[in-house]
1. Name the strands (runs of 3 or more DSSP E) wholly inside segment B:155-241 in which the number of residues that are more than 14 Å from every other protein chain (Cβ to nearest Cβ) is 3 or more.
2. Return the pair list, or none, for Cβ contacts closer than 7 Å from residues in segment A:115-140 that are within 25 Å of A:R12 (Cα to Cα) to residues that are open to solvent by 50 Å² or more (accessible area, probe 1.4 Å) and in a helix (DSSP H, G or I), at least 6 apart or on different chains.
3. How many residues does segment B:15-51 contain that are in a helix (DSSP H, G or I), under 24 Å from A:A2 (Cβ atoms) and within 10 Å of another protein chain (Cβ to nearest Cβ)?
4. How about segment A:37-55: which of its residues are part of a helix (DSSP H, G or I) and surrounded by 15 or more Cβ atoms within 10 Å (Cβ to Cβ)?
Amino acid sequence: MAYQKYGATVLRRAVRLLGSDEAAWEAVHQVFLSLLERPEQFQKRSSMLTFLYEATTHHCLNQLRNHKTRMRLLETKAHPEGGSAGLGPDEFVALRQRLAQLPRELGEVAVYFHLDQMSYDEIAETTGHSRRKVALLLSRLKTHEREEAKHED
Amino acid sequence: MSERRQSMRTEFCPSDLELDRYVLSELSPSRQQALEVHLRSCASCQAHLSEVERATQRLQHSYPTFTALHRKFRGQRAPASTRRARMWTLASLGVAAAVTLSLWWSDAMIKEATTQSNGLRSKGSLSFSYHVKRADHVFEGGMDEVLKSGDAIQFTVRTNQPGYLAIFSVDGKGTTNVYYPLGALAASLPSGHHTLPLSTVLDEVLGHERIWAMFCGAPFELEPLRKKLQAEGPGALDQKQCRSEVLSFEKRAPGAPR
């Protein structure tokens, strides 16, 4: 069963994005229950691993965008296991705030590019986009981040 | 959106996706070999693998609950509040991991130690041995070797055909653990000689510990077999299309005499 093989990957990913044990376990169950409910989601256009990467990212970004959830998560400091993910408590909060504010497509590529350190080809494989579209989205993301930096200055 | 791992990252560091593929044994043999060379010297990637290991241990203990949830889901989906309460319960599950740390030492150190002793146990096409790292000293472990809490051990396996491998242990308190691999399924292994990528730092449970290498022609799930080994003893590993080999050592406190 996919849960047994890939569950830990989904859990780790969710902890990293949401920073909360409760929310991460909820994500694990939602992702796998959704797959059980609608197995046609996985159309074998990619591997099960990249499908679950995308599904988990999608779920977590939705949680961050949801106002009530975001308020709860923003109060959560870094998960004790977040250390090896490399983010300090303040960075965790800032990361979640920024991801929540990005348009959907940009939020997803931001996670793959900045957090997962994926190459263009890996992002294309995970999202199902062409490499050209990935390049376009990353270009838009960089523009967005530059403008955001100007506002902060 | 800066991140410490990013700042520590080199152009040779793999993405998280590739590291996960490594842990799940989904990389090609050549890419896996190249990655292992990198992992030996990259603290950032090693930290990532430790994180994956912790998540794996926590998840393995949640599996029965998810099965129950799955069964319930088939009939009637539980209300959101109920699901949330159940998830709280899952989140609060503590895991007393018998083994925790992952680290690597060089092939050269192991090779040197291998030439000094012969603790190899073999049967048919499966050979199974281990090396011990104590401070900066690496030596090959023999049958009933006296080891100490804090020693790190790393396993070596040789097979003449491809298959699926897992390593189980029963410690001095009779608790059964999975030493290898990290995931829920046995690791795919090509034929040849393999030093397994993860090593184990021995915990403080003292006494006689036995280690089994289970090698099968088909994939198998770890948790059901771990439970069977716990309940039934070594006979649980006598299965068709599988071979198992056992090693043992005596674990003592760091200050205890040999």
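The values are calculated or read from the model by the stated rules, or taken from the named source; none is laboratory data. Because the structure is predicted, anything quoted here is derived from the model rather than measured. When we count neighbours, we look across all protein chains shown, and the Cβ atoms used for this are built from the backbone with ideal geometry, even at glycine. To get the accessible areas, we keep the full protein, side chains included, count just its heavy atoms, and leave off ligands, DNA and RNA. Shrake-Rupley method; radii C 1.70, N 1.55, O 1.52, S 1.80 Å.
1. Working: elements: B:163-170, B:176-180, B:187-189, B:192-195, B:207-216.
The qualifying strands (runs of 3 or more DSSP E) are B:163-170, B:176-180, B:192-195, B:207-216.
2. A:Q117/B:Q6; A:Y120/A:R131; A:D121/A:R131; A:I123/A:F113; A:A124/A:R131; A:V134/A:Y120; A:L138/A:F113
3. Residues meeting the conditions: 11.
4. Initial filter on segment A:37-55 (part of a helix (DSSP H, G or I)): A:37, A:39-41, A:48-55.
Within segment A:37-55, A:M48, A:L49, A:T50, A:F51, A:L52, A:Y53, A:E54, A:A55 meet the criteria.
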